[in-house]
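What follows is a set of notes on a single structure, which appears directly below.
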């Protein structure tokens, strides 16, 4: 099965009619619908879904939608006119109203189920039925697939209303979390890290929901009050939204023989994943068994590279369950994420995440997700001992591959051809002892300084006056300079340029986001526009005004403040 990519972009996509010509619904046309589903998509209450790859769901539009933002970068890449984002027909569709669509666009979208594993342990109690048959897209509804310039994009409404997987919730996303996700996805892309993308962001002028949140200035780890918040829909876009948890769901069903079509459904979703995400790496003429083995190897390569990149820029996913791990190997689900301020190996922005999903434990968390992925794939190879052994070898070598990627990443951050482990270990200890800003430190190091004066910009508290610490830093800097291959002004400048391409100057810190969504609640979206401009150019120097505003350490009074230094699971 090979999807046709004959559709091409128009010169400029100016209307919904133009976009409709590019529609190609591979997921729903190739895979199985839930046989118990209603064809009209009126599936807005929690129930068990026993089989099928998706449930047809008609999204629930938000009331009186109003435009906040669209990704100018992504619109340009797709060939969309900027005016499209504020056109009535586009706004209707991407705020959830599918009642008035030109053909061949469809009025019914789809939601998918998936399994949940937390750090490699299967969970069922998160499902209201304790069976795993009620866990999936509770408020995310895919509404469209298009092929543009031979690239396939699936478009999904986050906050698009209730689905059978909503577990009794209201199916909505609030303005605050929608702003975070909208800005974070495009920032991640600008950091040169594989990610889902942001298309548009709309909020409602009238519709609100109640959510648990923190009191102003609180240090609490748990939400303390219920607040009224405006709802919003952000459209996220990816080649597919197939998750490790989806493959895992069908693997579990096959292992338990839950219905007669379990093996067929597992095979179809795996082959669909290969065709959607890995067609360039996996030869279509190979046997199913060899395809499965190649899929595992290629996914391991992507996942290990992704995690190393997260650590390179100080990003912590926060909730790296199998259902939040894209099987295509890119960043997905910007819920309780965070970009680190002060360096801390155990940094965790989510109050419910624990050390197992903390910053430097992300390689181990990724390995647990990969283990569950391979466990599902094993179902294909029961009678093929050679391929099964090869799959196990690929699985068991994850940590070795991850270590190689990490060492390469640290070498690049430090501007070295090969990593000196002793130098790195000394640096990590110094960063912890000194309390340094992770992003600012590596950006200042990228200037290839003669002494530590520039590095002091990243020091918190009284470290700049601690003679013992300053001597230790000077000694470390000399060791670093002795290892780098840059002895002339020209070579130092070249090295600096190279390091600045991997060490961003700007990252999307939570304390930058808080003022933006507070202003947005008042109807002022200017800070969202400003952050989009700054954070889609994270490696550039930018203006002096921007540097003074966004290239600085987190104020001490904001540390440990709820909703700024840590968040609950995103609403």
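The values are calculated or read from the model by the stated rules, or taken from the named source; none is laboratory data. Owing to the predicted nature of the structure, the values given are computational and were not obtained by experimental measurement. No Cβ is skipped: glycine too gets one built from the backbone with ideal geometry, and neighbour counts run over all protein chains shown.
The table below gives the values:
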| item | result |
| --- | --- |
| Residue list for the stretch 207-223, restricted to those being part of a loop (DSSP other than H, G, I, E, B) and either surrounded by 12 or more Cβ atoms within 10 Å (Cβ to Cβ) or under 25 Å from the mean Cα position of the chain (by Cα) (or both) | 214, 215, 218, 219, 220, 221, 222, 223 |
| Candidate set from the stretch 321-348 (those that are modelled with pLDDT under 95 and buried (at least 22 other Cβ atoms within 10 Å of the Cβ)); member that is nearest to residue 153 (Cα to Cα) | 333 |
| Search result, residues across the stretch 86-102 that are in contact with a helix residue (DSSP H, G or I) (Cβ under 7 Å, 6 or more places away or on another chain) and touching a residue at least 40 places away in the same chain (Cβ under 8 Å) | 89, 90, 93, 101, 102 |
| Some residue of the stretch 187-202 being modelled with pLDDT of 95 or more and within 15 Å of residue 521 (Cα to Cα) | yes |
| From 118, 143, 148, residue being in contact with a strand residue (DSSP E or B) (Cβ under 7 Å, 6 or more places away or on another chain) and on the phi < 0 side of the Ramachandran plot | 143 |
| Subset of the stretch 515-537 (residues that are in contact with a strand residue (DSSP E or B) (Cβ under 7 Å, 6 or more places away or on another chain), in a loop (DSSP other than H, G, I, E, B) and buried (at least 17 other Cβ atoms within 10 Å of the Cβ)) | 525 |
| Test: residue in the stretch 189-206 that is surrounded by fewer than 19 Cβ atoms within 10 Å (Cβ to Cβ), under 19 Å from residue 62 (Cα atoms) and not assigned by TED's automatic domain parsing to the domain that holds residue 352 | yes |
| Odd one out for residue 353 among (1) touching a residue at least 24 places away in the same chain (Cβ under 8 Å); (2) over 27 Å from residue 279 (Cβ atoms); (3) touching a helix residue (DSSP H, G or I) at 6+ places or on another chain (Cβ under 9 Å) | (3) |
| Checklist (1) surrounded by fewer than 17 Cβ atoms within 10 Å (Cβ to Cβ); (2) more than 30 Å from residue 291 (Cβ to Cβ); (3) at pLDDT 95 or above applied to residue 11, failing item | (3) |
| Residues located in the stretch 280-339, provided they are touching a residue at least 40 places away in the same chain (Cβ under 8 Å), part of a loop (DSSP other than H, G, I, E, B), farther than 22 Å from residue 358 by Cα and out of contact with any strand residue (DSSP E or B) (no Cβ under 9 Å at 6 or more places or on another chain) | 284 |
| Check on residue 540, within 22 Å of residue 197 (Cβ to Cβ) and not in a helix (DSSP H, G or I) | yes |
